[in-house]
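Enquirer: One structure, pasted below without further comment.
The values are calculated or read from the model by the stated rules, or taken from the named source; none is laboratory data. Just so you know, these numbers come straight off a predicted model, no measurement behind them. Note that each Cβ is placed from the backbone with ideal geometry, even for glycine, and that neighbours are counted across all protein chains shown. Ligands, DNA and RNA are excluded from the accessible area calculation, which covers all protein heavy atoms including side chains. Shrake-Rupley method; radii C 1.70, N 1.55, O 1.52, S 1.80 Å.
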Amino acid sequence: MNPKKVLFLNSRDEFYRVGIADIAYFESDGNYTNFVLGNKLKGTVCMNLSQMQKVLSDTLKEEASVFARIGKRFIVNLNYVYHIEVLRQRLTLSDGKRFAYQLPVSREALKKLKELYVRSITDARPVTETTDVTDKNE
């Protein structure tokens, strides 16, 4: 991932310029999307999570593969996946130094994410080939 790649998020009253490597995750909040950075800064934009997913795909092109939709509520930066706890329905994102965020995620979505990582290890493929591990029944 190009560390200098920047995402511009513009709404009626606010404008954000965010390095994509700094984004830990996006979280749905109805018609809004909150985003959280590794340095613990937060922001909110007026678009739902599906629209944000499209913005990421359209803006970042192939670099958007670093982000994965996890369930109905989150888009996470796959570079920060630290711990997947299927039974506790918890995903921990961390860079190992500055931050650790624990997110509540459905069992099915976590199972799919875990399978994605295990498959990437056994097939020697990068995890970023699949970007949607939503649970359709969630």
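Enquirer: Given the criteria open to solvent by less than 70 Å² (accessible area, probe 1.4 Å), more than 24 Å from Arg107 (Cα to Cα), among the hydroxyl-bearing types (Ser, Thr, Tyr) and not in a strand (DSSP E or B), does Thr59 qualify?
Expert: So Thr59 fits the description; yes.
Enquirer: If Leu116 passes every condition in (1) modelled with pLDDT of 95 or more; (2) in a helix (DSSP H, G or I) but one, which one does it miss?
Expert: For Leu116, the exception is condition (1).
Enquirer: On to the next question. Take Thr33 and tell me if it is under 15 Å from Ala109 (Cα atoms) and either open to solvent by less than 40 Å² (accessible area, probe 1.4 Å) or part of a helix (DSSP H, G or I) (or both). Steps first, please.
Expert: Details: under 15 Å from Ala109 (Cα atoms): no; either open to solvent by less than 40 Å² (accessible area, probe 1.4 Å) or part of a helix (DSSP H, G or I) (or both): yes.
It is false that Thr33 is under 15 Å from Ala109 (Cα atoms) and either open to solvent by less than 40 Å² (accessible area, probe 1.4 Å) or part of a helix (DSSP H, G or I) (or both).
Enquirer: Thr44 is checked against (1) at pLDDT below 95; (2) touching a strand residue (DSSP E or B) at 6+ places or on another chain (Cβ under 6 Å); (3) open to solvent by less than 50 Å² (accessible area, probe 1.4 Å) and fails just one. What number does that condition carry?
Expert: Failed condition: (3).
Enquirer: For region 17-30, what are the residues that are open to solvent by 50 Å² or more (accessible area, probe 1.4 Å) and either in contact with a His (Cβ under 7 Å, 6 or more places away or on another chain) or over 14 Å from Phe74 (Cβ atoms) (or both)?
Expert: Selection gives Arg17, Asp22, Gly30.
Enquirer: Give all pairs with beta carbons closer than 7 Å in which a residue from region 6-29 that is under 21 Å from Arg69 (Cα atoms) meets a residue that is of a type in the set (Ser, Thr, Tyr) and open to solvent by 20 Å² or more (accessible area, probe 1.4 Å); count only pairs at least 6 apart in sequence or on separate chains.
Expert: Leu7/Thr59; Leu9/Tyr16; Ala24/Tyr80; Ala24/Tyr101; Tyr25/Tyr101
Enquirer: In region 62-94, which residue that is within 19 Å of Asn34 (Cβ to Cβ) and part of a loop (DSSP other than H, G, I, E, B) is least open to solvent (accessible area, probe 1.4 Å)?
Expert: Gly71
Enquirer: Let me ask another. Cβ-Cβ under 8 Å, sequence separation 6+ or interchain: first residue in region 89-105 and β-branched (Val, Ile, Thr), partner part of a loop (DSSP other than H, G, I, E, B) and surrounded by 14 or more Cβ atoms within 10 Å (Cβ to Cβ). Which pairs?
Expert: Going by the 8 Å Cβ cut-off, the qualifying pairs are Val105/Gly71; Val105/Arg73; Val105/Gln89.
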